[in-house]
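Take a look at the structure set out below.
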Amino acid sequence: MSNSSLTEIVRTNSPAAWTDAIRDTFVALDIRPDDSSRFTGTVRTRRLAHLMAADVLATSQTFDRTGRLTSRRPLDLMQIGLVVAGEGELVQDGRSCALRPGDFALYETARPFTWHLRPDWHLRVFTWPRESIPLSEARSQQLTARTVRADSGVGQLLSPLLSGLLLHDRDVSSGGAIRLADEIAELAITAALEESDPGDQDSRALELRENILRYIDAHVDDADLTPQQIAQAFFVSPRTLHRLFARSGETVAATIRLRRLQACREAMLSPRNTHRPLTDIASHFGFTDLAVFSRAFKARYGVSPSRYRELHG
C-alpha cells in the first residue's frame, strides 16, 4: 500500500458542507460552529491498513455524538484525538478532560460524546474499527476522556509517533501496515491506562492482565500455549486467571485464539510469506486443523483466509 500523500476530503467555508464531510469521513455528529459567518474547515486523511489518520483544521465549534445518533446511526469505532493547535475538551462516560497542544485522549463512537474545540484549532484523529481492539466495553468506559499529557512519560513517546503517521511520505507494506495499526492501538490503550485513577483498586489486576497479554503475544506460535501454562508462568491459580479475564467479559482461551488469528493474518500478508501455504502458517500458530482455522478466521474477519490474502496481498 502507499501512504505517500494525504487525501484532501474537503476545504470549505460552508457549515453545511462541513457537516456532510465530517459525517462521511468519521461518524454522524451534530455540529455547532461558534460563528458561522467566519467559518472555515479542512479535512485530510491517510489510511494505514485498518487505521485511518486524519488532519482536521477549523474554527471554534462543538461536535456532539448524541444518544439519538448512536441509536439511529450506529457505528462502532475507537478514536484518539490529538490536539495540535488550540484547545479541546472531550466529554464521555461521565468524565470531562481538557487537552492542550500535544495532549491526546481516547473515545468511542458507540456511546455519546462531545468535543468542544477553541479557538482556531487543529486536531489529529486516529480511527480503528472497534472489533479490531482487544478491549472490553467495561474497560473502555474506564479509559475514555482521560488526558494523556504531551509531557508525560507515555505522551513524550506516543504523541510524536501519532503525528508521524500523517507526516511521513514512505510506503509501508500491507503486513507492516497491519502490524503498525495494531501496535499503535495497544500503545494508546497503555497510555490511557497510565492516566487512569492510580487509586483504582483494580490497578494491579489490570497490570497483571496486560502482562499476560504480552506473554501470550510472545508465545503465540507455541502450540502448547494453554491457560494452565500461563497460570504457571505468572504464579497464579487457573481459577484466578479465568476470573481476571472474566471481569472484562472475556475468556483466556478466546483471547489466545484471537491473538493467534491476528498473528496468522499478519504472516499471510508478509512479503516473506508470499508463497507460503496457508496450512503451514496456520499450523505454525497452533491451528492444526485447517478447517477449524478457516471457520475461525472467517468468523473474525468476514472472509476466508485465502480470499483475505487475495484481497490484501
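Listing for the model above:
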{"quantity": "Meets criteria (at pLDDT below 95, open to solvent by 20 Å² or more (accessible area, probe 1.4 Å) and either among the aromatic types (Phe, Trp, Tyr) or over 17 Å from the mean Cα position of the chain (by Cα) (or both)) for Arg68", "calculated": "yes"}
{"quantity": "Residue match in segment 222-236 (condition: under 19 Å from Leu311 (Cβ atoms), of a type outside the set (A, V, I, L, M, F, W, C) and in contact with a helix residue (DSSP H, G or I) (Cβ under 8 Å, 6 or more places away or on another chain))", "calculated": "no"}
{"quantity": "Test: residue in segment 249-263 that is modelled with pLDDT under 90 and open to solvent by less than 50 Å² (accessible area, probe 1.4 Å)", "calculated": "yes"}
{"quantity": "Candidate set: segment 160-179, residues that are touching an Asp or Glu at 6+ places or on another chain (Cβ under 8 Å) and open to solvent by less than 20 Å² (accessible area, probe 1.4 Å); chosen: the one nearest to Thr25 (Cα to Cα)", "calculated": "Leu166"}
{"quantity": "Every pair of residues 6+ apart whose Cβ atoms lie under 6 Å, when the first sits in segment 24-38 and is over 14 Å from Arg118 (Cα atoms) while the second is of a type in the set (Phe, Trp, Tyr) and open to solvent by less than 30 Å² (accessible area, probe 1.4 Å)", "calculated": "Leu29/Phe63"}
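The values are calculated or read from the model by the stated rules, or taken from the named source; none is laboratory data. Treat the numbers as computed from the prediction; the structure is a model and nothing was measured. All Cβ positions, glycine included, derive from the backbone under ideal geometry; neighbour counts span all protein chains shown. We work out accessible area using only protein heavy atoms, side chains counted, and drop any ligands, DNA or RNA first. Shrake-Rupley method; radii C 1.70, N 1.55, O 1.52, S 1.80 Å.
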